[in-house]
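This report concerns only the one structure given below.
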Amino acid sequence: PSSTSAMAMRAQKMGYALGRLCLLLSLLLQLPGSQAKCYFQAKAPCEYEGKQFSLGESWLSTNCLLCTCLHPIGVGCCETTQHPIDFPDWCEAHYDSQTCQISVVQKANPSLPCVKSME
């Protein structure tokens, strides 16, 4: 094949990969009740903590981001935690980096969960 047809095939594959990325990110961003944020690093290597990942493979980073290898165009990562947005002033959100979970607890006694009173 000529170099122009090889370039055209490469461009077509790149367009397909970009289309898949846009679809993936738009689906992740539209999850019901989700306040998750997504990040994209163009040309980022698909390597994490010494392990190499191939196209389409995903991993959970130490800071609770779900990342997907989109080689050769980069790496896409989205938060996995749901951020609470509606709770009383006497409560606060606590983040547990071990479980990647956010819980809403009482400010006065963080060992107790925050529950709305039946007023």
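The values are calculated or read from the model by the stated rules, or taken from the named source; none is laboratory data. All of these numbers come straight from a predicted model, not from anything done at the bench. When we count neighbours, we look across all protein chains shown, and the Cβ atoms used for this are built from the backbone with ideal geometry, even at glycine. Keep in mind that these areas ignore ligands, DNA and RNA; they rest on the heavy atoms of the full protein, side chains included. Shrake-Rupley method; radii C 1.70, N 1.55, O 1.52, S 1.80 Å.
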Worksheet, complete the sentence: Residue pairs qualifying under the 9 Å Cβ cut-off, at least six apart or on distinct chains, with the first in region 97-110 being closer than 16 Å to Leu66 by Cβ and open to solvent by less than 60 Å² (accessible area, probe 1.4 Å) and the second being at pLDDT 85 or above and not in a strand (DSSP E or B), are Cys100/Cys64
Worksheet item: For region 63-83, does any single residue satisfy the condition of being more than 30 Å from Ala42 (Cβ to Cβ) and either within 17 Å of the chain's Cα centre (by Cα) or of a type in the set (S, T, N, Q) (or both)?
Response: no
Worksheet item: Can you tell me how many residues in region 56-89 are part of a loop (DSSP other than H, G, I, E, B) and open to solvent by 40 Å² or more (accessible area, probe 1.4 Å)?
Response: 14
Discussion item. So if I check each of Gln35, Gln12, Gln52, Gln30, which one is modelled with pLDDT of 85 or more and exposed (fewer than 13 other Cβ atoms within 10 Å of the Cβ)?
Written reply: Gln52
